[in-house]
Amino acid sequence: MNLDGETNLKLKHALNLTASLRDDDSFKHFKAVIKCEDPNEDLYSFVGTLSYHGQQSPLSLQQMLLRDSKLRNTEYVYGVVVFTGHDTKVMQNATDPPSKRSKIERRMDKIIYILFGVLILISSVGSVFFWLSTRNDIRNGELDRWYLRPDDTTVLFDPKRALLAAFLHFLTALMLYGYLIPISLYVSIELVKVLQSIFINKDQEMYYEETDKPAHARTSNLNEELGQIDTILSDKTGTLTCNSMEFVKCSIAGVSYGRGMTEVERARAMRKIYEHPEVGDSLTNLLKTSDAEVGSSKSIKGFNLSDERIMDGKWVREPNRDIIENFLRVLALCHTAIPDVNKESGKISYEAESPDEAAFVITARELGFEFYERTQTRLFLHELDPLNRRMVNRSYELLHVLEFSSARKRMSVIVKTEDNKLMLLSKGADSIIFGRLSDEGRGFEAETKEHISQYSEAGLRTLVVAYRELGEKEYKLWAHEFFNAKTSLAADRDEVLDATADKIERNLILLGATAVEDKLQKGVPECIDKLAKAGIKIWILTGDKMETAINIGYACGLLRQGMERIVISLDNPHIDAVEKQGDKEMLAKASGESIARQIQDGRSQLRSFKESPIDFGLIIDGKSLNFALSDGLEHSFLGLALSCVSVICCRSSPKQKALVTRLVKVGTGSTTLAIGDGANDVGMLQEADIGVGITGVEGMQAAMSSDFAIAQFCYLERLLLVHGHWCYRRIAMMICYFFYKNIAFGLTFLWFEAYASFSGQAAYNDWYMAFYNVFFTSLPVIALGVFDQDVSARLSLKYPLLYQEGVQNTLFSWSRILGWMFNGFISSVIIFYFTTNSITLQAFRSDGHVLDYEILGVTMYTCVVWVVNCQMAISINYFTWIQHFFIWGSIAFWYLFIIIYGYLPPTISTTAYKVLVEACAPSPFFWLVTLLVVVSALVPYFTYRAFQTRFHPMYHDIIQISRSEGREKMSPAELTEQGKDGSISITHIED
Amino acid sequence: MASEERSSLSAGVESHRAPVRSGWKKAVHQFKQQNLPACKPVLTPAWVITTYFLIGVLFIPIGFISLRASMGVVEIVDRYDTECVPNSYKSDKVAYVKDMSVSKNCTRYLKVKKRMKAPIYVYYELDNYYQNHRRYVKSRNEQQLLHGLRYNSTSSCRPLELNKGLPIVPCGLVAWSLFNDSYSFSRGAEKLNVNRKNIAWQSDRDHKFGKKVHPFNFQNGTLIGGGKLDSRIPLSDQEDLIVWMRTAALPSFRKLYGRIEEDLDEDDVVIVNLLNNYNTYSFGGKKKIVLSTSSWLGGRNNFLGMTYILVGASSMFIALVFLLLHVKSSRLPAM
C-alpha cells in the first residue's frame, strides 16, 4: 500500500551498530532493547532507540519498514517487528470510508416518507369508514347486513368490537395500499445504477490507451450526482498536469540557459495572437520554430533543455565553467535517487523520490555527470573533466543527508571528495536559500532572482542550487552535535534536528537555479473551458506556490487576460514587520486582521464592479487560508470566493484542501466534486460529494479512495457532461415515473375500496398485483434508467449549458415530483371511474352477461398496464429496439399471462379462470373501454408536455427541436437566446 | 470551439471504425457505446396538432356509434321492493319479509314503451349490497364446489361450514345468501316463457361447479339466509346459484335471471308475478326487475359513447387552441 501515494524508492538503512549481523547464526545471541514511541499515524517520523551491547543508537524512519513495503534492490533483510495489526501506521491511518449518498436519493427518501404519510392517512380514513359500517352491522340486536353474518364472525369484522376490528383493518389497509410505496424502486435503482456504471466503464472515449486504463466507476450510487456538480475542486499536480517533470531551463552564474518554450508560454502567446492579431505573425512563427525544435531533438524523458551553449559537453568552453561544473555536481550528488543499470544496454535509469529529482539526475547525466552507483556511504560518478575533457570515474563519500521536508524546503548532502575536501551541497526553494547565502556567495543574486521570476511566470518549478566548503574542525563539531540530536529520544527531536541542520546550512555560495516544467495534460484547457461553459465553477487547490499556480491557472484557461485578480496573501510589509518581532500571538492577530481586511476589500471591489461584465479571479495562499477558514471569517471568505469565477488556493496542505472542500459543500449546499491523483488529495476526495481519482503515476491511493477513477483530466468533461447528465436525467425520470406508476395503480385500490365498504378487499387477483412491479411495468422503467438519452453525447458536449438542468435540479424539483404524483392521481381516477361508469349495471356483451368482480379486475388491470406503459412511451424520447421491446413486450406479456393463467385449473387460477378468453376478449366493449381509458389517461400529461415544449421549453427541448428540424449548426449562444424564457436561468455565459 | 471539432472528429472516428466490424460486433459496439440507432420523436407543433386531430377524428365517430348502439337498447326498470310490501307492514318491512306466514306474492305491470326484440334479458338488480365485501368474497370454497363432500377442509366458509356437525354443501356466506325472489311473466293472459338455461358462464358450469355434487345439509340451520336448493339437481345445473356466486364488483349490480325469447311490441303490458322473498330491507337495499334488449355493445349505457365524444371533442378543441397560440406567438418562427 502506498501510504503517501508515491510509488517510488525509499532508502532504508540498517543501523551501523547492527550492520554486521548478516546471517542466521549471528542472531543466536542477539539481545537488544528497543525503546520507541507509542503507535501513531504519522507516516513521516519514527522516534526510537536501540540498545545493543550496551550501546545506544537512534532509530528513525530510515530504519523502519512500514507494513506492506516491498523490497527492491535487496534480496532479504533481517528485522524486528515493532508494531503489528492495529498498531501499524497503516491501520492507524485508516479512516472509515465515508458513506456517500446522492442528493437525489436523499430527496427520494423524503418522498417515501411523504408517501408513507399519505398511506397512513388513507388507511386511517378507510378504517374510520370501516368502523362506521361495521359498527352498524348490528343495530338494536337486528342484523343489518345479514348476509355477512355479523352475529357470528371473527374479530376482524365483529360489530361488537368494532374499534378493534377497525384497528386490524388499518393494518390490512397498510398492506393493501402498500403499492403506493414503491419498494421495488430501491431494487430497480440499484440495478440501473450498476448497469449505468458498466456503461461508464465501457466508454471508449474515456479509455486511455497509453496506460490501458478505462474509466472506472468504483461506486455505483453516485452516478446521478455526476450530473449535478456545481463546483469542481481540482488538485493541480498530476491532475491538471501530467506530473512528468522536464528540465527545461537553468540559470547558472547569472546566465540563463534553455531556449525551449513551455506550454504556459505557448498558451500565453496564443492568447496574445488572439487579442492582438497584428503581432500575431511573428509570434506564430516563433511558436512554429519552437515546436520544430522540440520535435527535432531526441526526446529523453525528464530532459528537454535545448541550448547549444552547454549541450554535448560544450559547457567547458563557457567563461564560468567552474561554476557550471559545481552546479552539475550538485545536481548529480544532492539527491536520494538510486541508479538502475540496465545490464544489456548499459543504460542507466533512476528511481527517485520525486520526478523533479529524477529530472535533475538525468540532466546531470546528459551534461556529463553520470551518476551510476550508490552504496551506503559512497556515490560514484562518471565525470567529464573540464580540463582534459575526458570522462573520469570519481567517488564521493556520503557523510550526511539532510533530507527534504516541506517545512525545511531544502535538501543538503555533505560529501567528502577524493581529495578530502568536505562539501555541503544544497538545493532548495528560493525564499530559503537566498536567505542563507554568504556575502561573497551572492555574486549574481540579482540576475538569478530575475531569472527565477521569469521561470515562475512561465509556469516552471524553480529550485536554487548552492554549495559550500566545510572546514574539518567545523564539520567535526557539527557532526557530533548532529549525532547527539539524532540519538536523543526527546519529543522535540525533529525540531532539534532541524535546528542542528540549520546551523550548517549557512553561508552558502550561490550557483544558479533550475527550472522544471510541469507539463499540462492533454486537452486540459479545452476541457476546463467546456466545464466553465456548462456553468461549473472550478477551484484549484494546490500545494504549489502562488506564481506557479497563477501560471497554471492561465495556461489552462481558468484565469483570463482582462480578468480582475483578487489576491489574498500575508506577504506584505506590515506582516513581515510583525513577524520579525517574533511574537506569535501578535502575528496571528495581525494576520487575522489583515486577511479580514483583504476579504472586505475584495468584496467591496466586487460590489463596485457589479454592473460591469468583468469577471474576478480569487487567489489565496495557504497561510492566509488558515485564517480565512477560521470561524469568524469563513462565511465572508466563502461569499467572496463564490462571486469569483475562478478560485485558486495555493500552498495548501492536504488538510486545508479537505477543509475548503467542506466549506464549499456545507456553506453553499451545492454538489462538489474533488479531483486529484495523489495521497494528499484523499482527504479532499472523501470529503467532497464525489471524489474523482486520476489513475496516474502517483500511485493508486487517490484512485482507491475515489468514487470514480479516470485516466486523464480531460475525460472529466465526458464523465460530467455526457454520463453525468444522462445518469441524472435517467434517475430523476425513473424515480418520478416510478412514483407515478405506483400511485396510478395504488390509488385504484382506494377507489375500489370506497365501493367495497372499505372491507379491505383488493380489486385484483393476488397474482396480478404481485406481478405488477415485477413483470408488467418494471422492465420499461429499467430500460429508461439505463438507456434513455434526451440528446446524444455529441450534442450534450456541444451545448454544455444543458448541464445546468442537473445543477439547478430542474428535473427533480418538488414541483416536478408532485406533478408526476398528481398525474398518477389523475390516471387512477380516470382508470377507475371511466371503467366502472362505463359498465356499472348493464350487460357488457351482446349475450346479456353483466360485469362481475373478476371482469372488473381484469379490465381495470388491463387499463393500468396499458396506461403506465404508454405513459412511459410518451415521456421518453429515445426509442431503440430495446425500449420498443420492453414497453410493448410488457403489455403483450400481460395478455399472454392472463391467457396462460386463465387456462390453469380454476382451483389455481381462481378468479382469473378463462376470464380474458371467455368473458372479455369476445366483447367489443372491453376493447373500447381500454382504448378510451388509455387515451383519456394520457391526454393530461400529453397536453401539459405539448404546451410546455412549445411555449415554455426547457433547454433540452430546444436542442431536441432544433435537432429534429435540422438546425444543428446553430451555435449554443443562439439557442441560449431562445431559451432565455425557459426554466433555466442562465448564469455565466462567455461566448 | 476546439472541443467541438474534437467531438465531431471522434464521431468521425466512430463511423470510420464501424464498417470494419461485422454486423453483430457493430451492434454490440453500438450498444456498449450507447450509440444504437434510435427513433427520437420530438413534440413539434406539427406532431402535437396531428395527434390531437387524430384522436378527435377517431374518437368522435366511435362515440357516435357506441351511443347509437346504446340508445337502440330498450330497457324497462321497475323497482318493486317498496311497492310489494302490504300497507300494514310499511312501517316494519323487515318483519314482513321475515314473517314466513305472510304471502310474498306480488304483481307488477310493466309497460313496453318501444318494441323489444328477442332475446329480452331479465335481470334482477340489487343496490347497496356488498357482494364485494372481503368477508363475503372469501366465504366460499372452490374445491368443495367442484368435488363436493370429498373435500372437507372448508374453514374459509365459517360460520356456514358445518351444521349439526355435518358439512354444508355448498358452504359459505355467498351460497347461503342466495337470492330467492322469483318471477313469472305474462302478456295479458298469455304466459311468457322465461328461458333460465345458459344464464351462467359456460366455464363456471363446466369447471367450477361439480356435475356430481349435490346440495347437502343446505339451509338447514337455525338462521335461514336466502334461497334453498333442490338437492336432486347437481350444482353444475343450478344456474341461479352459479350466477349468484359470481360475485358482483360493485354494491349496485344486476344479475341475469333469464331470457324471454319472444318479441314484445310497443304498448304491450308485461305482468310480472313475483315472490318477494329476499330480505334487502334490513340494510336498506333496493330491488329492481329489469327487462332489456341488447346490442352488439351490450346493454344500455350512454357513458361510453358520451365520453368518447367528449374526449374526441376536447382533443379537437385543444388542437385548435394550440394552433391559435402557436400562430400567434412568434417565438419559434421556424414552424
Test for residue A:457: is it of a type in the set (Asp, Glu) and surrounded by 15 or more Cβ atoms within 10 Å (Cβ to Cβ): yes
Neighbours by Cβ (under 6 Å, 6+ apart or cross-chain): first from segment A:909-922, under 14 Å from residue A:896 (Cβ atoms); second outside any helix (DSSP H, G or I) and open to solvent by 10 Å² or more (accessible area, probe 1.4 Å): A:912/A:765
Residue check for residue A:815: part of a loop (DSSP other than H, G, I, E, B) and not β-branched (Val, Ile, Thr): no
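Every residue, every condition in (1) within 18 Å of residue A:859 (Cα to Cα); (2) within 14 Å of chain B (Cβ to nearest Cβ); (3) aliphatic (A, V, I, L, M), yes or no:
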| position | (1), (2), (3) |
| --- | --- |
| A:747 | yes, no, yes |
| A:753 | yes, yes, no |
| A:771 | yes, no, no |
| A:777 | yes, no, no |
Residues satisfying the stated conditions in segment A:49-77, i.e. at positive phi and either modelled with pLDDT of 85 or more or open to solvent by less than 30 Å² (accessible area, probe 1.4 Å) (or both): none
Matching option when the condition is of a type outside the set (Gly, Ala, Ser) and modelled with pLDDT under 85, among A:666, A:682: A:682
Filtered residues of segment B:125-144 (kept if more than 22 Å from residue B:217 (Cβ to Cβ), open to solvent by less than 10 Å² (accessible area, probe 1.4 Å) and of a type in the set (Ser, Thr, Tyr)): B:129
Any hit, segment A:336-358, residues being more than 29 Å from residue A:74 (Cβ to Cβ), among the aliphatic types (A, V, I, L, M), open to solvent by less than 50 Å² (accessible area, probe 1.4 Å) and in contact with a strand residue (DSSP E or B) (Cβ under 8 Å, 6 or more places away or on another chain): no
Selected residue (only one of A:332, A:359, A:337, A:267 is of a type in the set (A, V, I, L, M), under 17 Å from residue A:517 (Cβ atoms) and at pLDDT 70 or above): A:359
Residues of segment A:693-731 classified as assigned to a loop (DSSP other than H, G, I, E, B) and either under 16 Å from residue A:222 (Cβ atoms) or at pLDDT 85 or above (or both), total: 7
Residue pairs meeting the criteria (Cβ under 6 Å; at least 6 apart or on separate chains; first over 12 Å from residue B:216 (Cβ atoms) and at the interface with chain A (Cβ under 10 Å from one of its Cβ atoms), in segment B:140-156; second assigned to a loop (DSSP other than H, G, I, E, B) and open to solvent by 40 Å² or more (accessible area, probe 1.4 Å)): B:143/B:151
Test: residue in segment A:237-249 that is within 14 Å of another protein chain (Cβ to nearest Cβ), open to solvent by less than 10 Å² (accessible area, probe 1.4 Å) and either at negative phi or among the acidic types (Asp, Glu) (or both): no
The lone exception for residue A:451 - which of (1) assigned to a strand (DSSP E or B); (2) over 23 Å from residue A:337 (Cβ atoms) it fails: (1)
Among (1) open to solvent by 20 Å² or more (accessible area, probe 1.4 Å); (2) outside any loop (DSSP other than H, G, I, E, B), the one test that residue A:420 misses: (2)
Within segment A:524-542, tally of residues that are more than 17 Å from the chain's Cα centre (by Cα) and farther than 17 Å from residue A:796 by Cβ: 1
Options A:181, A:200, A:189: the member that is surrounded by 16 or more Cβ atoms within 10 Å (Cβ to Cβ), more than 14 Å from every other protein chain (Cβ to nearest Cβ) and within 23 Å of residue A:728 (Cβ to Cβ): A:189
Counted residues, segment A:419-442 - those being without any contact (Cβ under 8 Å) to a residue 60 or more places away in the chain and of a type in the set (S, T, N, Q): 2
Boolean, residue A:910 is at pLDDT below 90, hydroxyl-bearing (Ser, Thr, Tyr) and at positive phi: yes
Test set (1) over 30 Å from residue B:284 (Cβ atoms); (2) of a type in the set (S, T, N, Q); (3) exposed (fewer than 14 other Cβ atoms within 10 Å of the Cβ) - residue A:154 fails condition number: (1)
Filter result (among the β-branched types (Val, Ile, Thr), open to solvent by 20 Å² or more (accessible area, probe 1.4 Å) and assigned to a helix (DSSP H, G or I)) within segment A:465-509: A:487, A:496
Output for segment A:401-417, where each listed residue is open to solvent by 20 Å² or more (accessible area, probe 1.4 Å) and charged (D, E, K, R): A:403, A:409, A:416
Every residue from segment A:873-891 that is open to solvent by less than 10 Å² (accessible area, probe 1.4 Å) and more than 13 Å from chain B (Cβ to nearest Cβ): A:890, A:891
Single unsatisfied condition, residue B:58 versus (1) open to solvent by 60 Å² or more (accessible area, probe 1.4 Å); (2) modelled with pLDDT of 85 or more; (3) more than 9 Å from chain A (Cβ to nearest Cβ): (3)
Which listed residue is surrounded by fewer than 17 Cβ atoms within 10 Å (Cβ to Cβ), touching a helix residue (DSSP H, G or I) at 6+ places or on another chain (Cβ under 9 Å), closer than 28 Å to residue A:150 by Cα and of a type outside the set (A, V, I, L, M), from B:172, B:221, B:226, B:165: B:221
Some residue of segment B:80-93 being touching a helix residue (DSSP H, G or I) at 6+ places or on another chain (Cβ under 9 Å), among the aromatic types (Phe, Trp, Tyr) and farther than 30 Å from residue B:186 by Cβ: no
Lone qualifier among A:688, A:658, A:703, A:641 - being closer than 30 Å to residue A:101 by Cβ and touching an Asp or Glu at 6+ places or on another chain (Cβ under 7 Å): A:658
Candidate set from segment B:265-321 (those that are of a type in the set (Phe, Trp, Tyr) and within 30 Å of residue A:942 (Cβ to Cβ)); member that is surrounded by the fewest Cβ atoms within 10 Å (Cβ to Cβ): B:317
Complete set of residues in segment B:189-210 that are over 20 Å from residue B:259 (Cβ atoms) and more than 14 Å from chain A (Cβ to nearest Cβ): B:189
Check on residue B:160, assigned to a loop (DSSP other than H, G, I, E, B), of a type in the set (A, V, I, L, M), within 11 Å of chain A (Cβ to nearest Cβ) and open to solvent by 10 Å² or more (accessible area, probe 1.4 Å): yes
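The values are calculated or read from the model by the stated rules, or taken from the named source; none is laboratory data. In this text the structure is predicted, and so the values were computed from the model without any measurement. Methodologically, a virtual Cβ is constructed for each residue, glycine included, from the backbone with ideal geometry; neighbour enumeration extends over all protein chains shown. Heavy atoms of the whole protein, side chains included, go into the accessibility calculation; ligands, DNA and RNA do not. Shrake-Rupley method; radii C 1.70, N 1.55, O 1.52, S 1.80 Å.
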